[in-house]
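Structure first, then comments.
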Amino acid sequence: MKLELHRIRISKLEFGSSTGVRNGVLTVNKDELEKFLLEDERLAGVSLDVAHPGESVRILPVKDAVEPRCKLSEGNEVFPGFIGDVDPVGEGKTLVLEGMAVLTTGRLVAPQEGIVDMSGPGAEYTPFSQTCNLVVVLEPSEEVKLHEAESVCRIAGLKAAHYLASRCKEAVLSQAVAADTVETFDAPALTEAMHAYPNLPKVAYIYMLQSQGLLHDTYVYGVDAKKILPTLISPTETMDGAIISGNCVSACDKNSTYVHQNNPVIKQLYARHGKELNFVGVIITNENVTLADKKRSSSYAVKLARMLGVEACVISEEGFGNPDADLVMNCWKAERAGIKTVLVTDEYAGRDGSSQSLADSCPEGNACVTAGNANMMITLPPMEKVIGDAPKADIIAGGFFGSLREDGSMEVEIQAILGATNELGFTRLGAYTI
Amino acid sequence: MAYRVVHYINQFFAGIGGEDKADHELEVREGVVGPGLALANALKGEAEIVATIICGDNFAAMHSEQVCAAVENACKQYQADLLLAGPAFNAGRYGTACGMVSSFVQKNVGIPAVTAMYKENPGVDIYKKDLYIVETGDSARGMGTAVPAMAKLALALLKGEQPSKEHGYIERGVRVNTFYDTCGAERAVTMLLKKIKGEPFTTEYPMPVFDRVEPRPAVKDMKSATIALVTSGGIVPKGNPDHIAASSAQNYGEYSLSGINDLTADKHQTAHGGYDQTYANQDADRVLPVDVLRDLEKEGVIGKLHEMWYATVGNGTSVANARRFGQEIGQKLKDAQVQAVILTST
């Protein structure tokens, strides 16, 4: 499987009469997109706004971030199971509007959505302060129940992202607009992968997906990940949106759809592929809540790694607490099967940093990368503009009663900031012991 | 201009006397006293010891509030930029006093403090989380190495530098966030390659070691047992009167079950932010099964349901907070002669 990513660099968003890209500026026909999203009758209202890096803007509560993509080649569309059909993706050519994101927000699933500050100290902690953001403020109808509201908002975000890329597709195909970069990713058949680079260690990636449910869900080709057995996925499929976030867990370490599309572990393994290692596969597994599920999934994921005959693997977690048990099981089962592991996690060491950071532990977990202590407090100064619903800060995880002050500033744990301690290792944040 | 430092020492190092003078009342003298002279030299003119606080070890232990307040006042009066305390070596009361005043001054004056002790000094375990404590030998014979190390660490803190292991302080066990040069994924793959090759690597987080609690033996006589309900599922009276946070709880609530046979949507809710609240808010008995326990009480299966329930939110709550809640709730239940507890999570 070969996938070409044709990336157009977006440096500015603006509203205008027709949606399209020119000289790095994406113009969005607001009415058209709003009407398109309102075709879902479960939505009572949709409004669009834009936010750029460096602006005095706070967006909350943010549910998901999605990078606009669509297929340039024939075959199934991106986001299979939602936008595309349920057939495979990950081959051909995909258009990417790079440097921007669609952020969904509004009256959503209150407790566990995130904050994105476009400037100030909070901006350092979220990757989405660096993207030009089209903010989709969604208002589900009164009669829509909580879990359905999540689904409504999830699908609206995917539709908006796909719409934006699709509206730029003709210009690319007719060569009126050229991609800024084209990058090719190859995921060869196993027969070939196994014989490639005989002198390099075979490495896999065990990619844990949040599936604690309800509202702690991830979808693979439209299937709720709690219902899967661990399975193989081509890294190129993830780039075409085969994995979708349906999460309302703490914002700091939930994997938004954007980071699934741009998985940094996959990126880094590709970067070393053929030079220092032979990247032979991605194994997705889940984080279900029952012990039997945890045992089954960890054993099955490690079994797949053994079937691939890998020497080592990176294991990334999503969420914290209960999934720490899955992380630890994946770790010791792999290590005892002779597969070396590095774990990517984050920490809940308390506001003073002195508690144990994980809820489970094993001596085999001797190589651990951390994305930082999510309990660290931060004061977010007032912003000139707030998109969304500021009083929600009081109940966003990591915020607490009284966290929103009269002047509009907020005192929160970085847990409340979208992507702050991302466990795919998306950011540079980490922690050490003093 | 040189930084201003206030130095805290005990009666022995001030040359006043040993155990017989341990009740010596706190006094403040301008300039250096005792080990302050060597410290002042080691500060190499970059910082000046402007005043010395002298206090008997027993006096400090017996009058802790008064001593802390006096040290706070002295630091303010002499416009100190930093407090030095000790070195205390293996003197237990002295080490504890050094830790106490250092920790107090950091919190209440907002200036850094540096102290120094032997690793087994009881002051270490109490205060290492809050303080940089330079590791010393177990007696004053270690003065020669303790003094320059304290001065070096003090100057680093005064200049706003992050101390490192080279400063020789006792590991505080506190996790601090930092931005690395590369993203986590890149660090992970680099670490994996080192592990594959058998090269040395350093984990960013050494795995924790946990307390394991042996379950108590089964209750033999349920018919006369008082059973309590405790939950980390966040079930609280409507309105969440104790403001228990949706995540990272800092407190727990204690509520009366008197006259309640069933939890209802108009009077109860969950404060928990980690799950879909719909079903818990519809019927909080789903998380805290009061209705079923009342049935069992009526049927005589259990003696009675304890009159109070305890609730917190187990969502990103730190182990330290959880341990404190557990110890306090456990003590209350023990005092109330409860025989068994049903702990519900989510």
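The values are calculated or read from the model by the stated rules, or taken from the named source; none is laboratory data. Only a predicted model underlies this, so the values are computations on that prediction, with no experimental measurement involved. FYI the Cβ positions are ideal-geometry reconstructions off the backbone, even for glycines, and counts take in every protein chain you see. In case anyone asks, the SASA skips ligands and DNA or RNA and just uses the protein heavy atoms, side chains included. Shrake-Rupley method; radii C 1.70, N 1.55, O 1.52, S 1.80 Å.
With respect to the numbered conditions (1) in contact with a helix residue (DSSP H, G or I) (Cβ under 8 Å, 6 or more places away or on another chain); (2) open to solvent by 20 Å² or more (accessible area, probe 1.4 Å), which one is the sole condition not fulfilled by A:Ala196?
With (1) in contact with a helix residue (DSSP H, G or I) (Cβ under 8 Å, 6 or more places away or on another chain); (2) open to solvent by 20 Å² or more (accessible area, probe 1.4 Å) applied to A:Ala196, the lone miss is (1).
Which residues, taken from segment B:238-282, are more than 10 Å from chain A (Cβ to nearest Cβ), open to solvent by less than 40 Å² (accessible area, probe 1.4 Å), under 22 Å from B:Glu307 (Cβ atoms) and among the small types (Gly, Ala, Ser)?
Answer for segment B:238-282, where residues must be more than 10 Å from chain A (Cβ to nearest Cβ), open to solvent by less than 40 Å² (accessible area, probe 1.4 Å), under 22 Å from B:Glu307 (Cβ atoms) and among the small types (Gly, Ala, Ser): just B:Gly253.
Of B:Thr203, B:Thr136, which residue is polar (S, T, N, Q) and at the interface with chain A (Cβ under 10 Å from one of its Cβ atoms)?
When all the criteria are applied, what remains is B:Thr203.
Among what's in segment B:112-138 and is among the aromatic types (Phe, Trp, Tyr) and within 22 Å of B:Val176 (Cβ to Cβ), pick the residue that is nearest to the chain's Cα centre (by Cα).
For segment B:112-138, the residue satisfying everything is B:Tyr127.
Identify all residues within segment A:345-393 that are farther than 23 Å from B:Gly314 by Cα and in contact with a helix residue (DSSP H, G or I) (Cβ under 6 Å, 6 or more places away or on another chain); write none if there are none.
A:Glu364, A:Gly365, A:Ala367, A:Val369, A:Leu380
For a quick check of your reading of the model, give me the residue pairs whose first member lies in segment B:63-75 and is assigned by TED's automatic domain parsing to the domain that holds B:Ile53, whose second is among the polar types (S, T, N, Q) and part of a helix (DSSP H, G or I), with beta-carbon atoms closer than 7 Å and at least 6 apart or on different chains.
B:Glu72/B:Asn108
Are there strands (runs of 3 or more DSSP E) fully within segment A:25-103 with at least 2 residues that are without any contact (Cβ under 8 Å) to a residue 24 or more places away in the chain and open to solvent by less than 40 Å² (accessible area, probe 1.4 Å)? List them.
Result: A:25-28.
With (1) more than 14 Å from chain B (Cβ to nearest Cβ); (2) farther than 24 Å from B:Lys194 by Cβ as the list, and A:Leu308 as the residue in question, which single condition is left unmet?
Of everything listed in (1) more than 14 Å from chain B (Cβ to nearest Cβ); (2) farther than 24 Å from B:Lys194 by Cβ, A:Leu308 misses just condition (2).
Any idea which residue in segment B:145-180 is most open to solvent (accessible area, probe 1.4 Å), counting only those that are small (Gly, Ala, Ser), in contact with a Gly (Cβ under 9 Å, 6 or more places away or on another chain) and over 21 Å from B:Arg4 (Cβ atoms)?
Among them, the one singled out is B:Gly173.
Under 6 Å between Cβ atoms, at least 6 apart or on separate chains: pull out the pairs that start in segment B:14-26 with a residue that is over 11 Å from B:Phe59 (Cα atoms) and in contact (Cβ under 8 Å) with a residue 12 or more places away in the chain and end on any residue that is part of a loop (DSSP other than H, G, I, E, B) and open to solvent by less than 40 Å² (accessible area, probe 1.4 Å).
B:Ala14/B:Val33
Could you list all residues from segment B:28-41 that are within 11 Å of B:Leu84 (Cβ to Cβ), open to solvent by less than 30 Å² (accessible area, probe 1.4 Å) and part of a loop (DSSP other than H, G, I, E, B)?
B:Pro35
Being at pLDDT 95 or above and among the polar types (S, T, N, Q) is the filter; apply it to segment A:220-258 and report the residue that is farthest from A:Tyr270 (Cα to Cα).
Filtering segment A:220-258 for residues that are at pLDDT 95 or above and among the polar types (S, T, N, Q), the one farthest from A:Tyr270 (Cα to Cα) comes out as A:Ser245.
So, in segment B:212-260, how many residues would count as being within 30 Å of A:Thr433 (Cβ to Cβ) and in contact (Cβ under 8 Å) with a residue 40 or more places away in the chain?
Total meeting the criteria: 10.
Looking at segment A:331-378, which of its residues are more than 7 Å from chain B (Cβ to nearest Cβ), open to solvent by 10 Å² or more (accessible area, probe 1.4 Å), under 19 Å from A:Ile315 (Cβ atoms) and not in a loop (DSSP other than H, G, I, E, B)?
Once the filter is applied, which keeps residues that are more than 7 Å from chain B (Cβ to nearest Cβ), open to solvent by 10 Å² or more (accessible area, probe 1.4 Å), under 19 Å from A:Ile315 (Cβ atoms) and not in a loop (DSSP other than H, G, I, E, B), segment A:331-378 yields A:Trp332, A:Lys333, A:Glu335, A:Arg336.
What pairs come up if the first residue lies in segment B:306-331 and is farther than 19 Å from A:Asn322 by Cα, the second is among the aliphatic types (A, V, I, L, M) and open to solvent by 30 Å² or more (accessible area, probe 1.4 Å), and their beta carbons are under 7 Å apart, counting only those six or more places apart or on different chains?
Final answer for the pair search is B:His306/B:Ala336.
Restrict the check to segment B:218-226 and report whether at least one residue is touching a His at 6+ places or on another chain (Cβ under 9 Å) and modelled with pLDDT of 95 or more.
Taking every residue of segment B:218-226 in turn, at least one turns out to be touching a His at 6+ places or on another chain (Cβ under 9 Å) and modelled with pLDDT of 95 or more.
Tally time: how many residues in segment B:182-200 are assigned to a loop (DSSP other than H, G, I, E, B), surrounded by fewer than 17 Cβ atoms within 10 Å (Cβ to Cβ) and either basic (Lys, Arg) or at the interface with chain A (Cβ under 7 Å from one of its Cβ atoms) (or both)?
Count: 1.
Please go through (1) touching a strand residue (DSSP E or B) at 6+ places or on another chain (Cβ under 6 Å); (2) open to solvent by 10 Å² or more (accessible area, probe 1.4 Å) for A:Glu170 and return the number of the only condition it doesn't satisfy.
(1)
For a quick check of your reading of the model, give me the residue pairs whose first member lies in segment B:28-45 and is under 19 Å from B:Ala156 (Cβ atoms), whose second is of a type in the set (A, V, I, L, M, F, W, C) and assigned to a loop (DSSP other than H, G, I, E, B), with beta-carbon atoms closer than 7 Å and at least 6 apart or on different chains.
B:Ala40/B:Val32; B:Gly45/B:Ala2
Residues that are over 16 Å from the mean Cα position of the chain (by Cα) and buried (at least 21 other Cβ atoms within 10 Å of the Cβ): find the helices (runs of 4 or more DSSP H) completely inside segment A:215-328 holding 1 or more of those.
A:264-272, A:291-308
I'd like the full set of residues that are hydroxyl-bearing (Ser, Thr, Tyr) and at pLDDT 90 or above, limited to segment A:376-415.
Of the residues in segment A:376-415, the ones hydroxyl-bearing (Ser, Thr, Tyr) are A:379, A:403, A:409.
Scanning segment A:376-415 gives a single hit, A:Thr379.
What are the residue pairs meeting all of these: first residue in segment A:253-282, first residue within 27 Å of A:Leu95 (Cβ to Cβ), second residue among the small types (Gly, Ala, Ser) and open to solvent by 10 Å² or more (accessible area, probe 1.4 Å), Cβ atoms under 8 Å, and 6 or more apart or on different chains?
A:Gly274/A:Ala196; A:Val282/A:Ser234
Test B:Ser258 against the criterion of being of a type outside the set (Phe, Trp, Tyr) and under 26 Å from the mean Cα position of the chain (by Cα), and give yes or no.
When the stated conditions are applied, B:Ser258 does not pass them.
Can you tell me which residue in segment B:46-66 is surrounded by the most Cβ atoms within 10 Å (Cβ to Cβ), limited to those that are within 23 Å of B:Leu157 (Cα to Cα) and out of contact with any Phe, Trp or Tyr (no Cβ under 6 Å at 6 or more places or on another chain)?
It comes out as B:Thr52.
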